[in-house]
Amino acid sequence: MIENAPLQVYASALIFSPVSCLVRKMFEKEEPEWIRVKPIVENAWSPCLQTLEGHRSPVRSVAFSADSKLLASGSGDKTVKIWDAATGSLQRTLECPGSHAFEVAFSPDSKLVASGSGDKTKIWDAATGTLQQTLKSHRSLVRSVAFSSDSKLVASGLNNKTIKVWDTATWSLQQTLEGHGNPVQSVAFSPDSKLVASGSEGHTVKIWDAATGSSQQTLEGHGDSVRSVAFSPDSKLVASGSGD
């Protein structure tokens with residue numbers, strides 16, 4: 001708008017700018033005197049860049065694509081929505097009938113979106129919204145999904161206390177990681193794709209070998225369910241967030 005009508009900047013954009021912003025302070029004397037009644041404006045710019053609206057139920061999970069162009073959101077309204085991260089416009093809505101979309105994750109190449117809903121992990125084409133694969137988890141609720149950084153594997157954390165690891169080339173089941181005594185709340189791959197971390201309602205974090213499925217470590221100390229796990233970029237550290 002400003003590019004198309006630059007002469008309107010002082011008469012409109014300037015008087016709507018926050019009171020304490022640098023633009024208004026620098027050009028305050030340029031405000032047209034003939035505008036007698038001016039709008040009530042905020043004192044400062046809000047740090048909020050976008051408010052994305054459209055879900056009909058609480059949003060359970062959000063994820064950015066690796067190229068930062070898209071944002072995915074999973075909701076209790078049984079949908080995953082794909083948004084343009086720059087404009088906030090809705091690009092497409094992916095239907096997940098039967099259950100809430102608990103978790104969403106982009107593949108590292110930004111081409112695929114994984115969603116965990118009901119007893120299935122669904123793989124979608126991020127550009128077109130078409131369903132590529134449905135990975136069934138033996139009637140156990142999918143609580144978390146994650147891609148490996150090399151895009152070769154995808155993991156699902158399940159309510160039946162296991163983690164399933166799938167090959168993205170063939171979509172065949174590679175590993176079933178067993179050892180938790182409670183439902184798995186969160187899963188994450190290390191950046192080097194060699195390890196999987198999982199957090200459970202049993203207050204523990206387990207570290208697994210992604211290639212063999214063997215348990216490497218059991219980390220204890222939380223007093224409540226472990227809701228989230230994440231690796232450091234160098235794969236040397238893991239952080240966990242809990243209800244405690």
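The values are calculated or read from the model by the stated rules, or taken from the named source; none is laboratory data. Since this is a predicted model, take the numbers as computed values, not measurements. In this analysis, Cβ positions are derived from the backbone assuming ideal geometry, glycine residues included, and neighbour counts consider all displayed protein chains. What goes into the accessible areas is simple: the full protein's heavy atoms, side chains included, and nothing from ligands, DNA or RNA. Shrake-Rupley method; radii C 1.70, N 1.55, O 1.52, S 1.80 Å.
Of everything in the stretch 78-89, what is in contact with a Gly (Cβ under 8 Å, 6 or more places away or on another chain) and open to solvent by less than 50 Å² (accessible area, probe 1.4 Å)? Give them in sequence order. If the condition is that a residue be in contact with a Gly (Cβ under 8 Å, 6 or more places away or on another chain) and open to solvent by less than 50 Å² (accessible area, probe 1.4 Å), then 80, 81, 82 are the ones that fit. Can we say residue 214 is open to solvent by 30 Å² or more (accessible area, probe 1.4 Å) and more than 19 Å from the chain's Cα centre (by Cα)? Yes: the conditions hold for residue 214.
So for the stretch 220-241 (the condition being of a type outside the set (Phe, Trp, Tyr), in contact with a Lys or Arg (Cβ under 9 Å, 6 or more places away or on another chain), closer than 27 Å to residue 80 by Cα and assigned to a strand (DSSP E or B)), does at least one residue qualify? Checking the stretch 220-241: at least one residue is of a type outside the set (Phe, Trp, Tyr), in contact with a Lys or Arg (Cβ under 9 Å, 6 or more places away or on another chain), closer than 27 Å to residue 80 by Cα and assigned to a strand (DSSP E or B).
Filtered by the rule that a residue be at pLDDT 95 or above and either under 19 Å from residue 158 (Cα atoms) or surrounded by 13 or more Cβ atoms within 10 Å (Cβ to Cβ) (or both), the stretch 231-244 gives 231, 238, 240, 241, 242.
Contact map, the stretch 67-91: first residue farther than 22 Å from residue 143 by Cα, second residue small (Gly, Ala, Ser) and assigned to a strand (DSSP E or B), Cβ cut-off under 8 Å, separation 6 or more or different chains; pairs are 83/72; 83/73. Within the stretch 63-77, is there a residue that is open to solvent by 80 Å² or more (accessible area, probe 1.4 Å) and touching a strand residue (DSSP E or B) at 6+ places or on another chain (Cβ under 6 Å)? Yes, some residue in the stretch 63-77 is open to solvent by 80 Å² or more (accessible area, probe 1.4 Å) and touching a strand residue (DSSP E or B) at 6+ places or on another chain (Cβ under 6 Å). For the stretch 90-131, filtered to residues that are among the basic types (Lys, Arg) and within 29 Å of residue 183 (Cα to Cα), the residue that is least open to solvent (accessible area, probe 1.4 Å) is 122.
How about the stretch 194-219: which of its residues are touching a Lys or Arg at 6+ places or on another chain (Cβ under 8 Å), closer than 17 Å to residue 147 by Cβ and modelled with pLDDT of 95 or more? Across the stretch 194-219, the qualifying residues are 197, 198.
Of the residues 150, 167, only one is under 19 Å from residue 110 (Cβ atoms) and open to solvent by 10 Å² or more (accessible area, probe 1.4 Å); which?
150
From the list 135, 158, 141, exactly one residue is hydrophobic (A, V, I, L, M, F, W, C), within 23 Å of residue 195 (Cβ to Cβ), modelled with pLDDT under 95 and surrounded by fewer than 23 Cβ atoms within 10 Å (Cβ to Cβ). Which is it? Residue meeting the stated conditions: 135. Please state which one of 190, 228 is closer than 19 Å to residue 103 by Cα, surrounded by 20 or more Cβ atoms within 10 Å (Cβ to Cβ) and small (Gly, Ala, Ser). Within the list 190, 228, the selection yields 190. Among residues of the stretch 49-63 that are under 15 Å from residue 93 (Cβ atoms) and outside any strand (DSSP E or B), those with a Cβ under 6 angstrom from a residue that is modelled with pLDDT of 95 or more and open to solvent by 60 Å² or more (accessible area, probe 1.4 Å), sequence gap 6+ or separate chain, pair up as 54/90.
The set of residues in the stretch 22-59 being hydrophobic (A, V, I, L, M, F, W, C), open to solvent by less than 100 Å² (accessible area, probe 1.4 Å) and under 32 Å from the mean Cα position of the chain (by Cα) consists of 44, 48, 52, 59. Evaluated against (1) free of Cβ contacts under 8 Å to residues at least 24 places away in the same chain; (2) under 23 Å from residue 228 (Cα atoms); (3) not hydroxyl-bearing (Ser, Thr, Tyr), residue 127 falls short on exactly one condition, (2).
This table checks each residue for (1) over 24 Å from residue 93 (Cα atoms); (2) of a type in the set (Phe, Trp, Tyr); (3) touching a Ser or Thr at 6+ places or on another chain (Cβ under 8 Å).
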residue: 111; (1), (2), (3): no, no, no
residue: 125; (1), (2), (3): no, no, no
residue: 141; (1), (2), (3): no, no, yes
residue: 146; (1), (2), (3): no, no, no
residue: 171; (1), (2), (3): no, yes, no
residue: 178; (1), (2), (3): yes, no, yes
residue: 192; (1), (2), (3): yes, no, yes
